[in-house]
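To start, the structure under review is shown below, and the notes come after it.
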Amino acid sequence: MKSFFPVVTVVAAVLLIWIIAVVPMNMHLTADQAQRDGLAVSPDTPIARQDFSGLGLAVHNSHLIPLTYVNVRPRLPSPHQIAIELYDTVIDKKITSKRSLVYHGWVTLAPTLLGFAIGTLLGIMLAVGIVFSRVMDRSVMPWAIVSQTIPILALAPMIIVVMGAAGIQGILPKAVIAAYLSFFPVVVGMVKGLRSPEGMQLDLLRTYHSSNSQGFWKLRLPASTPYLFASLKIGISASLIGTIVAELPTGAKAGFGARMLVGDQYGQPILSWAALFAAAITAAALVGIIGMIERGTLRQMGMKPA
Amino acid sequence: MYERPKLQSLTPSTTPTQDADGLSPLVIRASNLDLTFQTNDGPVHALKDVNLEVNKGDFVSFIGPSGCGKTTFLRCIAGLETPTSGALSVNGMTPDDARRARAYGYVFQAAGLYPWRTIGGNIRLPLEIMGFSKAEMGERIKRVLNLVDLEGFEKKFPWQLSGGMQQRASIARALAFDADILLMDEPFGALDEIVRDHLNEQLLQLWARTEKTIAFVTHSIPEAVYLSTKIVVMSPRPGRISDVIESSLPRDRPLSIRDSAEFIAIANRVRDGLHAGHGQG
Ligand SMILES: Nc1ncnc2c1ncn2[C@@H]1O[C@H](COP(=O)(O)OP(=O)(O)OP(=O)(O)O)[C@@H](O)[C@H]1O
Ligand SMILES: [Mg+2]
C-alpha cells in the first residue's frame, strides 16, 4: 500500500502528458477533416498548414482543439477512446466473437503460459545441471547468454516457418518462442539462488555427512526460492512478449499481436492501441499473480521476498 | 612483531596415558599438526606444531586471542579443514571418517539456523538426514528443546527468536542426534552474563549426565575455568598451543566455585598464558 501514491502520481503524470500530446499530434488531421465538414480553419489549405507545427496550428485554431480528441483515425488516440474501445471489445462483445479482445487474449495467453511452463522447467533443469556439474557450468552458461543476444524479431519467423514446414502449427511454435525468452532469467536466478547458501550452512550439512541430493532438497532448493520468484516475474512477461512477437510477422489471424497488426494495416490505430493496453494489463496481472503466490509461499516458509 | 613466547617451549602436558594399549579412551589426538592457508595475500600460518590429547569424557576449552586458530583447530577435528601436515585422529579414525560416522555435533560460531525451517524443523534437519523415524524425531525434538529451555518455540521461525534463543536452538540441533563428541565454537559468545551462567550450568549437567566429550571455544577466562577439565591456551601468528592446564576442580561444580581460591589460581594461570602468548608476559 505504501507504493500506492507514487504509482498513482506517475500514472497521473503520464496521462497528463498524453492528453496534452493528443492536440498537436492530431491537429493536422483534425483541421483537414474540419475543413471538409465546412468549419473555418486558418490557414485554409492543407499545404499552407504543413508549414505549421501541430502546436502552432492549435494556437491559431483553438476552437478545433476539442475535435482532436474524437478523431476516428487519430495519429495518437486519446485515453478515453482507448478506454471505450477496451470496454467495447472486452466486456460488450461475446467471447466467441472474432472481435472480442478476450478471445484474442486467450489465443495469446495459452501459448504464453505453455511456453512459460516449458521455459521455467528447462531453466530450472539447466540451473541444477550448471550448479552440480562443472562441465555444464562451462558449456551451457555461455550458450544461454549467446542465445539471448539474437534478436527475437529475427528469430521468431524462422522458428515458425521451420516448425510449420515440419507440420507443427498452432500453439506450439508460439510457446517455443515464449519458452526461449523465459528460460534465461530462470537459469540466471536459479543458479544464483542454488549457489546462495553460505559456507556455514553447507558445512553444517557436511557435519551430518549428508548426500548431495539431501543438500539439494533441504538446503539449496529452499534457499533458491526467493530468487526463483524474482526470475518468474521477469520470465512471465518475457513469455508474453515472445508470444506477441511470434504473432506479428507471421500473419497470425488471432491474438494480441494479430490485433496490433490489423489495426496498423487497416488504419485503425485505436484497435492497435487497445490491443497494446490489453497486453500490458495482462502482463501486469500475470506478474501480480506470481507476486501473490510468492508472498504466500515465502510467508509459509517464514521468509521475506529477496 | 610478536617475540617468541617463553611458554612455547613447554610441550603440552601429556598425562601419562594409562591406556597405552589398544583400548585407549583417547578421543582426539593431534600430533605436530600444521595448517597453512594459501590466500591471495600469501600463506597464513593458522596452526603450528599443535599437540593435544583429549580423553573420553573430557571437557576441553580452547582460549586465546582472535585469530589464533581456535576455529581452525575445531574445524580440523570436524574434518571440515585438512591439516597441511601432522597427524590427527578422532575416535581412532581420521577426522573425515569420524565425520562420515557422524561422531560429533558441531555448534558454529553463529547460530546458522535455516530461515525457512521452524525451530523444530531446524532440529529435525540432522534427524531427517540420518534417517530417524517420525516418532523418534518428535520425541528427540521435545527432549532437546526442553534441555535448552525452548519449550513452546518449536513452531516459531528463527527470526521470531532473539539471538540468544537462536544460539540455544542451534545447540539443541547439535544435541539432537546424540553424538559422543560435541564441538562448540563460542556458543555463548553472544549471550548476556545471566543467560550465559545459566547455560554454563546446564551444559555441565548435560555433560555429567551424558559423559560426552566436549571441545569448547571461548574468549572468557571464567567460562573456560568453570567448565573445563582441561584448558588449552592458544596464541596467534602462527596459531599454536602455549599452555595446557589440567583443572584440579571437582567435576561437580556449583556456580559459587568461581569464588574459591583454587578457581582463581587456575584463572590466573590462564591469564598468564594468554599474556605470554601476546608477547607481553
Ligand atoms: N578459510 C580460510 N582461508 C584463509 N585464512 C583463514 C581461513 N580461515 C581462517 N583463516 C585465518 O586463520 C587464522 C585463524 O583463524 P580462526 O578463525 O581459526 O581464528 P579464531 O581463533 O577462531 O578467531 P576468533 O576468536 O576471532 O573466532 C586467522 O588469521 C584467519 O585469518
Ligand atoms: Mg573463531
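Per-residue accessible area for residue B:56 at 1.4 Å probe radius, Å² rounded to 10?
Here the accessible area works out near 110 Å².
What's the magnitude of the charge dipole for the range A:101-300 around its Cα centre, counting Lys and Arg as +1 and Asp and Glu as -1 at the beta-carbon? Answer in Debye, nearest 20.
Values: 13 positive and 6 negative charges, 79 e Å.
My answer is approximately 380 debye.
Quick one: which bits of the range B:69-85 get at least 30 Å² less accessible when the partner protein chains are in, versus the chain alone, with a 1.4 Å probe?
Buried by 30 Å² or more upon assembly, which counts only protein chains, are B:80.
Which value, in debye to the nearest 20, gives the size of the charge dipole of the protein assembly as shown about its Cα centre, when Lys and Arg are +1 and Asp and Glu are -1 at the Cβ?
Values: 54 positive and 46 negative charges, 291 e Å.
Computed about the Cα centre, the dipole is about 1400 debye.
Of A:160, A:209, A:100, whose Cα points farthest to the positive end of the dipole of chain A (charges on the beta-carbon: +1 Lys, Arg; -1 Asp, Glu; origin at the Cα centre)?
Looking along the dipole axis, the top candidate is A:209.
Taking Cα centroids, how far is the range B:213-263 from the range A:5-50 in Å?
87
Note every residue of the range B:90-120 with a reduction of at least 50 square angstrom in accessible area, all protein chains present versus the isolated chain, computed with a 1.4 Å probe, or write none.
B:99, B:108, B:114, B:116
Across peptide B:270-276, what mean number of C-beta atoms from other chains lies inside 10 Å of a residue's C-beta? Present the calculation step by step, with values, prior to reporting the outcome.
Working: counts 0, 0, 0, 0, 0, 0, 0.
Mean partner shielding for this stretch: 0.
For peptide B:169-181, how many partner chain Cβ atoms fall within 10 Å of a residue's Cβ, on average?
1
What average number of partner chain Cβ atoms lie no more than 10 Å from the Cβ of the residues making up A:206-215?
Per-residue shielding by partner chains comes out at 6.
Rounded to the nearest percent, how much of the accessible area of the protein assembly as shown (1.4 Å probe, protein heavy atoms only) is carbon and sulfur? Spell out each step's value before the answer.
Working: 17820 of 28660 Å².
Here it works out to 62 percent.
Work from the charge dipole of the protein assembly as shown (Cβ charges, +1 for Lys and Arg, -1 for Asp and Glu, about the Cα centre) and give the residue of A:293, B:189, B:31 farthest towards its positive end.
A:293
So which trypsin sites (Lys or Arg not before Pro) in the range B:77-183 end up in coil per DSSP with only 11 or fewer other C-beta atoms within 10 Å?
When the trypsin sites (Lys or Arg not before Pro) of the range B:77-183 are filtered for loop state and at most 11 Cβ neighbours within 10 Å, B:155 remain.
Summing Lys, Arg as +1 and Asp, Glu as -1, what charge do residues with Cβ under 15 Å from the Cβ of residue A:119 carry, residue A:119 excluded?
+2
If we sort A:148-161, A:219-232 on the protection proxy, mean other Cβ atoms within 10 Å, highest first, what's the order?
The most tightly packed comes first, giving A:219-232, A:148-161.
How do B:159, B:207, A:273 rank by accessible surface area computed with a 1.4 Å probe, from largest to smallest? Walk me through the numbers on the way to the answer.
Values: B:159 145, B:207 5, A:273 75 Å².
Ranking B:159, B:207, A:273 by accessible area, largest first, yields B:159, A:273, B:207.
If Lys and Arg each add +1 and Asp and Glu each add -1, what is the summed charge of the other residues whose beta carbon sits under 9 Å from the beta carbon of residue B:176? If you can, show how the numbers build up before the last one.
Details: positive: B:124, B:140, B:143, B:173; negative: B:178.
Spelling it out: positives minus negatives among the neighbours equals +3.
Using a 1.4 Å probe and counting only protein heavy atoms, how much accessible surface gets buried when B and A come together, both sides summed, in Å² to the nearest 100? Present the calculation step by step, with values, prior to reporting the outcome.
On the way: alone 13490 and 17350 Å², together 28660 Å².
About 2200 Å² of accessible surface is lost on pairing.
Could you compute how much accessible surface residue A:44 exposes when probed at 1.4 Å, giving the result in Å² to the nearest 10?
We get 100 Å² for residue A:44.
At 7 Å along the Cα-to-beta-carbon direction for both residue B:202 and residue A:96, put a label point, then send me their distance in nm to one decimal.
Spacing of the two 7 Å Cα→Cβ label points: 7.1 nm.
Name the residues of the range A:257-306, by number, that are at least 50 Å² less accessible with every protein chain in place than in the isolated chain; the surface is that of heavy atoms, probe 1.4 Å, without ligands or nucleic acids.
When all protein chains are present, A:302 each give up 50 Å² or more of accessible surface.
Summing -39500 (n - 2.57) over the DSSP H runs of n ≥ 4 in chain A and dividing by its residue number, what mean residue ellipticity at 222 nm do you reach, to the nearest 500 deg cm²/dmol? Don't skip to the end; give the middle numbers.
Working: 13 runs with 218 residues, N = 306.
Counting only the DSSP helices, I get -24000 deg cm²/dmol.
Looking at chain B, send over the antiparallel percent of its DSSP beta bridges, to the nearest 5.
Of the beta bridges lying entirely in chain B, close to 55 percent run antiparallel.
Give me the accessible area per residue for the protein assembly as shown, probe 1.4 Å, as a whole number in Å². Please list the in-between numbers first.
Working: 28660 Å² over 587 residues.
Here the residues of the protein assembly as shown average 49 Å² of exposed surface.
Could you tell me the accessible area of residue B:113 in Å² (1.4 Å probe, neighbours in place), rounded to the nearest ten?
For residue B:113, solvent-accessible area is about 20 Å².
The values are calculated or read from the model by the stated rules, or taken from the named source; none is laboratory data. Because the structure is predicted, anything quoted here is derived from the model rather than measured. Reconstructed Cβ throughout: ideal geometry from the backbone, glycine too, with neighbour counts over all protein chains shown. Keep in mind that these areas ignore ligands, DNA and RNA; they rest on the heavy atoms of the full protein, side chains included. Shrake-Rupley method; radii C 1.70, N 1.55, O 1.52, S 1.80 Å.
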